Each structure stands twice: as structure tokens, then as C-alpha cells.
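The values are calculated or read from the model by the stated rules, or taken from the named source; none is laboratory data. No experiment lies behind these values; they were computed from the predicted model shown. Please note: Cβ atoms are built from the backbone with ideal geometry, for glycine as well, and neighbour counts cover all protein chains shown. Keep in mind that these areas ignore ligands, DNA and RNA; they rest on the heavy atoms of the full protein, side chains included. Shrake-Rupley method; radii C 1.70, N 1.55, O 1.52, S 1.80 Å.
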Amino acid sequence: MSKKVDLNAYGQLADDISHVIISPDELHQRITEIGAAITQDYANRNPIFIGVLKGVVFFMADLLRTLPFHVEVDFMAVASYDPSARQRGVVRLEKDLNIPIENRHVIFVEDMIDTGLTLNYLLRSLRARQPATLEICALFNKPRRRLIDIPIKYKGFDLPNRFVVGYGLDYREKYRHLPFIGQLKADVLPSDD
């Protein structure tokens, strides 16, 4: 697959991106492959897809469009308290599920798994609700930053340990809408990020 993306089409945003890591075509192909694997495993199981707002919206929408069966969708939202609390995996639940998941097949969809601390917290909460099954689907994985082992059943791409944006991933709420994964230039990031 080609990583050729005309950054000039993105105006001043192009000035902030050093290079494209994953192209729109590569994203589309891998999401289609993940959808085929989920279809094989869940076509007759009526799964519930759960995602954490906001970054997962792009991936979740494209993934669900690949599935040829009925699904239910729900979202959670979390906020970290501060940088030290975030490093300990302490989060505040801002939006909980609306659909009960007891005895249901659940696929937890993540845009990116980094340290695993926040996801571990959420998985403990979901397991306490006694779903029939609970599997993880993550489009992006940063294994070098992992602090807690997270079993990922459906995985898209391993990312380098660099600050990347696009396709749901943001920097200070910017760049989410880019249709590719790009690395931010060093001068865009303050030294503390």
C-alpha cells in the first residue's frame, strides 16, 4: 500500500505533520480485514460494540459499516484527573453505558491502547457486569508503552513510540479528522508532551 498522501490538501495542518505513517488506503484495508474476522466470529451472536469517546468514533463507524449483521452500539466517556493520576490509571467515568451487558457478547473497541491503565480500569468495570464474553478490538497499539498486559483479539496496527495524530487520535483536540495517521513535527509539541 502506498503511503503517498498529498499533505498540501490539508492546508496549514500539513505544516504540522512530518510524515504519514499509515495512509487512508492502509486504514481502510485493515479495518475491512478486522470486520471480516469479527463477522466470522460473531455473525449469529448479536454483539454489543462499546467504545470510549471521542477518539474511537472514526474507527467504530468505519468498522461497523463492514459488518453484514445487526449490532448494538454504546459508548462510555472517561476523563483523567491529572498527569500523576493518569499514570496510575485513575480515571473519572463521565458517561456510562445505556445498554445492559449481562449475558451479552461484548466487543470493546479502542482507537489506541497505550499503557493499558485506563483500559484495564474499564475492563474491570465491564467484567463486573457479567457479560457472556468480552473481547478487545483496537485499531492502534503501542506495545512499547504498555504497563499492563491487555489481550487484544482484533488488532489493526502497532504504532511507533512517537506522537501521532489523525483518524481519531488528537493532540489537544486537534487533528482527529485527518484521514491518515501522521507524525507531528517536534516543534509542534511542547517539551513536556
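Is it fair to say VAL165 is of a type in the set (Val, Ile, Thr), assigned to a strand (DSSP E or B) and under 30 Å from ASP15 (Cβ atoms)? Yes; evaluated as a whole, the condition is true for this residue. Can you find a residue in region 154-167 that is farther than 19 Å from PHE58 by Cβ, at pLDDT below 90, open to solvent by 50 Å² or more (accessible area, probe 1.4 Å) and touching a helix residue (DSSP H, G or I) at 6+ places or on another chain (Cβ under 6 Å)? Yes, because at least one residue in region 154-167 is farther than 19 Å from PHE58 by Cβ, at pLDDT below 90, open to solvent by 50 Å² or more (accessible area, probe 1.4 Å) and touching a helix residue (DSSP H, G or I) at 6+ places or on another chain (Cβ under 6 Å). Scanning region 168-187 for residues that are of a type in the set (A, V, I, L, M, F, W, C) and not in a loop (DSSP other than H, G, I, E, B), which turns out most open to solvent (accessible area, probe 1.4 Å)? Here the residue is ALA186.
Given the structure, is ILE99 modelled with pLDDT of 95 or more and touching a Pro at 6+ places or on another chain (Cβ under 7 Å)? No; evaluated as a whole, the condition is false for this residue. Taking each residue of region 118-147 that is in contact (Cβ under 8 Å) with a residue 60 or more places away in the chain and looking for partners that are acidic (Asp, Glu) with beta-carbon atoms closer than 6 Å, six or more apart or interchain, yields LEU139/ASP111. The single residue among GLY166, GLY156 that is among the small types (Gly, Ala, Ser), in contact with a Leu (Cβ under 6 Å, 6 or more places away or on another chain) and under 26 Å from ARG45 (Cα atoms) turns out to be GLY156. Within the option set LEU119, LEU126, being of a type outside the set (Lys, Arg), assigned to a helix (DSSP H, G or I), open to solvent by less than 40 Å² (accessible area, probe 1.4 Å) and at pLDDT below 95 holds for one residue only, LEU119.
Among the residues of region 96-113, those identified as free of Cβ contacts under 8 Å to residues at least 40 places away in the same chain and open to solvent by 40 Å² or more (accessible area, probe 1.4 Å) are ASP96, ASN98, PRO100, GLU102, ASN103. So in region 49-74, with the set limited to residues that are in a strand (DSSP E or B) and surrounded by fewer than 19 Cβ atoms within 10 Å (Cβ to Cβ), which one is nearest to the chain's Cα centre (by Cα)? In this case the residue turns out to be LEU53. Screening region 75-96 for residues that are under 18 Å from the mean Cα position of the chain (by Cα) and aliphatic (A, V, I, L, M) and picking the one that is modelled with the lowest pLDDT gives VAL91. In region 4-36, the qualifying residues are those that are surrounded by 14 or more Cβ atoms within 10 Å (Cβ to Cβ) and outside any helix (DSSP H, G or I), and the one that is modelled with the lowest pLDDT is VAL5.
Only one of the numbered conditions (1) exposed (fewer than 14 other Cβ atoms within 10 Å of the Cβ); (2) among the polar types (S, T, N, Q); (3) touching a helix residue (DSSP H, G or I) at 6+ places or on another chain (Cβ under 9 Å) is not met by THR39, and that is (3). Of everything listed in (1) within 23 Å of GLY35 (Cα to Cα); (2) outside any helix (DSSP H, G or I), the single unmet condition for LEU147 is (1). Could we say that PRO100 is more than 14 Å from the chain's Cα centre (by Cα) and within 22 Å of ALA37 (Cα to Cα) here? No.
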